[in-house]
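The values are calculated or read from the model by the stated rules, or taken from the named source; none is laboratory data. Just so we're clear, the structure is a prediction, and the values are computed from it rather than from any experiment. Quick reminder, even Gly has a Cβ in these numbers, built from the backbone with ideal geometry, and neighbours come from all protein chains shown.
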Amino acid sequence: MEKGQTKTPMKQQNRKKKKIKLNSNPKIILVSVAILCIAIYALSSVIKLIKNPTDTFTVEQGKIYQEEQATGYIIRDETVVKGSNYKNGMEQIKTEGERVAKDEAIFRYYTNGEEGLVKKIADLDAKIDEVMAKEKGILTGDMRALDKQIDDKIDSLYTLNNLQNINEAKKTILTSITKKAKIAGEYSPAGSYLKKLIDERSKYENQLNEGAEYVTAPVSGVVSYKVDGYEDILTTKDFSTMTQEFLENLNLKTGQVVVDSKESGKIIDNFKCYIVCDSKSSQAKQAKVGDTVTLRMTNGNEIASSIEYISIENNTVILIFKIEKSVQELMSYRKISFDIVWWSDHGKKIPNEAIGYEQKGENQLAYVVRMRLGYEDKIWIKILRQNEKYAIVDNYSNTELRELGCSEEEIKQSKSLTLYDEILEKPTH
């Protein structure tokens, strides 16, 4: 080879030989074909999804209910209390929802001419304050103690929100002022005039107290002033009177709050109450006395109850539920709307539309179709609970699949459904 001549032709010849050798390697050819097939399949799947989009559902942990809407009437053990002077108007001593013992004062009726007596007492209080303000230097130990007691009670009025406690604080303040005035009358140069004012005030106060009629609780329980006239109609004495016709003739408005009475009050058993309603559902027709059922109120609160009474009229079931919790929450109402939650269950939640069925001998097996990395897998599922829209499902054990007629090969190839799997909403297998 002459000096300066290159070796390029030889290198090119070696490369061609190497390229021919590589191209003839069967492993490389197979891998290349496989990659090409996967790419073609993936591309066709994408095109197919674009042309015919597939709806999927993600399997998640969830809860389902079997429930129905109902309208019911509240039945309570309640005793109406009313005095003789109900036309005079009344003052509450115990507030709405407050618990009382038997023979404890609940409210009082105003005395005849009370408004005039109250005005006279207020005028005398102003005169007494005026006389005491002019007297200087009268400050005994008792006076100091009374001043502190009055100041403390006045400060407490800003923090009280209970009507009974506020009234008691006001009475304590008035009593302290009267005591203070009497002490001042003993030491004051104008004592005789002050004493005259105090005696006059006491006379009017006695007239006020003597003329008032106090009404007490005949039994222990909770006080309510929401008297609607149905206390002796919707009673717990005989549930057999609660027929469909009887309930319809009550003509009560659903959800209406019972207004406070200005003439009477009542004592309610706050340990239990009942709700009566009618239903035509299959669940109601299968229910039994003693069954436990959850009642969901319009505010979302769920209350445990038990079925106390059942009667059937033609195609309608009359149900009476017993409630022993949250009784006071229902005191303001007589007719309410609510949901009867017959049962609830939780687990892997899927829509009923995603479930397909196939016959396996004498048995019918439910299945779903899972989508994963572009592949579809049919998975047998066990339905634990099901309502109109959703189902709670789980996987079969191998033993269960054998009992259902599956072969060993089918069991070996079977797959499990897990949380967050994507399944077809409408399987076509």
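Take segment 346-376 and flag every residue that is within 40 Å of the chain's Cα centre (by Cα) and under 25 Å from Ser407 (Cα atoms).
At the first step, the residues of segment 346-376 found to be within 40 Å of the chain's Cα centre (by Cα) are 346-357, 365-371.
Result: Ala354, Ile355, Gly356, Tyr357, Leu365, Ala366, Tyr367, Val368, Val369, Arg370, Met371.
Looking at (1) closer than 30 Å to Ser224 by Cα; (2) more than 37 Å from the chain's Cα centre (by Cα), which is the only condition Glu400 fails?
Single failed check for Glu400: (1).
I'd like to verify a number: residues in segment 230-262 that are in contact with a strand residue (DSSP E or B) (Cβ under 9 Å, 6 or more places away or on another chain) and either of a type in the set (A, V, I, L, M, F, W, C) or at positive phi (or both), how many?
Qualifying residue count for the region: 9.
State yes or no: is Phe321 touching a Gly at 6+ places or on another chain (Cβ under 7 Å), within 30 Å of Glu98 (Cβ to Cβ) and of a type in the set (Phe, Trp, Tyr)? Can you show your working first?
On the way: touching a Gly at 6+ places or on another chain (Cβ under 7 Å): no; within 30 Å of Glu98 (Cβ to Cβ): yes; of a type in the set (Phe, Trp, Tyr): yes.
Here the answer is no, as Phe321 does not meet what is asked.
List the pairs whose first member sits in segment 68-93 and is farther than 30 Å from Thr298 by Cα, whose second member is of a type in the set (D, E, K, R), and whose Cβ atoms are under 6 Å apart, counting only residues at least 6 apart or on separate chains?
Partner pairs satisfying both residue conditions: Gly83/Glu213; Asn85/Glu213; Tyr86/Glu263; Glu91/Arg108.
Please pick out the residue among Ser306, Ser279 that is among the polar types (S, T, N, Q), touching a Leu at 6+ places or on another chain (Cβ under 8 Å) and at pLDDT 95 or above.
On the way: Ser306 fails: touching a Leu at 6+ places or on another chain (Cβ under 8 Å).
Going through Ser306, Ser279 in turn, just one is among the polar types (S, T, N, Q), touching a Leu at 6+ places or on another chain (Cβ under 8 Å) and at pLDDT 95 or above: Ser279.
Taking the options Leu160, Leu146, name whichever one is modelled with pLDDT under 60 and in a loop (DSSP other than H, G, I, E, B). Give the steps one after another, and end with the answer.
Numbers: Leu146 fails: in a loop (DSSP other than H, G, I, E, B).
Testing whether each residue is modelled with pLDDT under 60 and in a loop (DSSP other than H, G, I, E, B) leaves just Leu160.
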